[in-house]
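Following: one structure in structure tokens, then a few remarks.
The values are calculated or read from the model by the stated rules, or taken from the named source; none is laboratory data. Note that the coordinates shown come from a computational prediction; the quantities given were computed from them, not determined experimentally. We place every Cβ from the backbone using ideal geometry, glycine too, and count neighbours over all the protein chains shown.
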Amino acid sequence: MAWVIGKHPDMPCLASAYADKLTNSFYTGVLQLIKDDEYTYKDIFPGSKLVNTNSKEETLDLRNQHRFKTLTCRSIDGGLTGATRCESLLYADDMVSGIEEAMNRDRMDTLWYKFTNDLMSRMKMGCKMLIIGTRWSVYDPLGRLEARYEGDGYSKFVRIPALNEDGSSNFDYDYDVGFSREYFEDIRDNMDDISWGAIYQQRPIEREGVLYHEDDFHYFDGKLPPDAKPDSIVAVCDSKNQGKDYVAAICGYVYGDTVYIRDLVFNNGLPDVTKPMVAKLCVRNKVSQLDVEVNNGGGYYAESVSDMISQGNGNTSVRTFFSSTNKITRIVTESDYIIKHFVFLQPSKQSREYKAFMRNVCSFTTNGKAKHDDAPDALSMLSNLVKNLTAYSIRMIDRSQIPL
């Protein structure tokens, strides 16, 4: 940050963290770099003279006094309205206070709201963003930014665990500095697994007890097998119940015992919004059969979708079913088949909706504490449907091979 503001003193920057004590420490550190002759800052940036400081507001100006200061340091709860704008660099360090906050999904949602509305909204076009911190949760700002921007060609995400898979340290340097393997192993042996995983291994807490991991799945680039037609194209829909539940409708292209998931709907809008989306999913993919769960009043939903499919010149048989099995039991039971036989779009090919669906799948925990389980539940429904179809598949045989 000291280098950035020295290079561009007339372009305001913003630094933030979860608490004032962190932003104050950062502010003090930047001032030390500028003022201490040991760092020769004045020689490196002769045109960026320190002209104003305010330790109470944690601001400083270089070269000229500005309406929006060269650097403003402010905690996420410190109030930023009208205080600054960010033209060069937005820097955030440790936005989550600890595991207690990270384990509360509502607090993670509130933090993300503050991050986007209070911090990101200060960024002008062309402003860069540098975020560092402990990977506490898939729902912390780092996790959500990674889910949104990874693979876009502009963003870079770096995750360095304390210990590699072979047990070696990533921070064991020459000249007796850094941290050895033994050092980290001693810490690990004295910590709980969840905290160790998040703080030192950059592994979000949701991975503890998670049913699915991203690297469990098979992926494809969106192109279906070129030399064969699918045995069937089917879909399922877990219709919205109440509150913040999602409608999860997924379409599977079935080739033998392999199911390609190329298109889906994952939306928590009202039925008037989601019903046309599900109908269009069936029409554009030429779905032959759509199963809709009716446990939560899905019968009327299914009728409306069926009418919309007909109006769109689709030819889909819409069926309803009632599930008597426990949802979590069903999700867990079908997981092995899904991992072995389902193929998902590569992350770089996924839409925002598809990414949100996969994020929901990979945050489901077997302890039943997942806030939403709509996506993994829809997968379990499709898995059950596909297995029932393949159980009654017809295979052509050569009559000459039949023993008489």
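Brief remarks on what is shown
- Residue count for the range 182-207, restricted to those that are in contact (Cβ under 8 Å) with a residue 24 or more places away in the chain and part of a loop (DSSP other than H, G, I, E, B): 5
- When D174 is tested against the conditions (1) in a loop (DSSP other than H, G, I, E, B); (2) of a type outside the set (A, V, I, L, M); (3) within 30 Å of I331 (Cα to Cα), the lone failure is (3).
- One residue from Y175, Y183 being on the phi > 0 side of the Ramachandran plot, more than 24 Å from the chain's Cα centre (by Cα) and not small (G, A, S): Y175
Results for (1) free of Cβ contacts under 8 Å to residues at least 40 places away in the same chain; (2) within 26 Å of the chain's Cα centre (by Cα), shown as yes or no for each residue.
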{"residue": "K286", "(1), (2)": "no, no"}
{"residue": "V292", "(1), (2)": "no, no"}
{"residue": "S306", "(1), (2)": "yes, no"}
{"residue": "T320", "(1), (2)": "yes, no"}
{"residue": "T329", "(1), (2)": "yes, yes"}
{"residue": "L345", "(1), (2)": "no, yes"}
{"residue": "K355", "(1), (2)": "no, yes"}
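- Complete set of residues in the range 87-119 that are aliphatic (A, V, I, L, M), buried (at least 16 other Cβ atoms within 10 Å of the Cβ) and within 20 Å of the chain's Cα centre (by Cα): A92, M95, V96, I99, A102, M108, L111, L119
- Criterion violated by F322 - all others in (1) under 12 Å from C237 (Cβ atoms); (2) surrounded by fewer than 16 Cβ atoms within 10 Å (Cβ to Cβ); (3) of a type in the set (F, W, Y) satisfied: (1)
- The condition of being in contact with a helix residue (DSSP H, G or I) (Cβ under 7 Å, 6 or more places away or on another chain), assigned by TED's automatic domain parsing to the domain that holds V259 and acidic (D, E) holds for only one of D221, D140, that being D221.
- Members of the range 40-58 that are touching a strand residue (DSSP E or B) at 6+ places or on another chain (Cβ under 8 Å) and acidic (D, E): E57, E58
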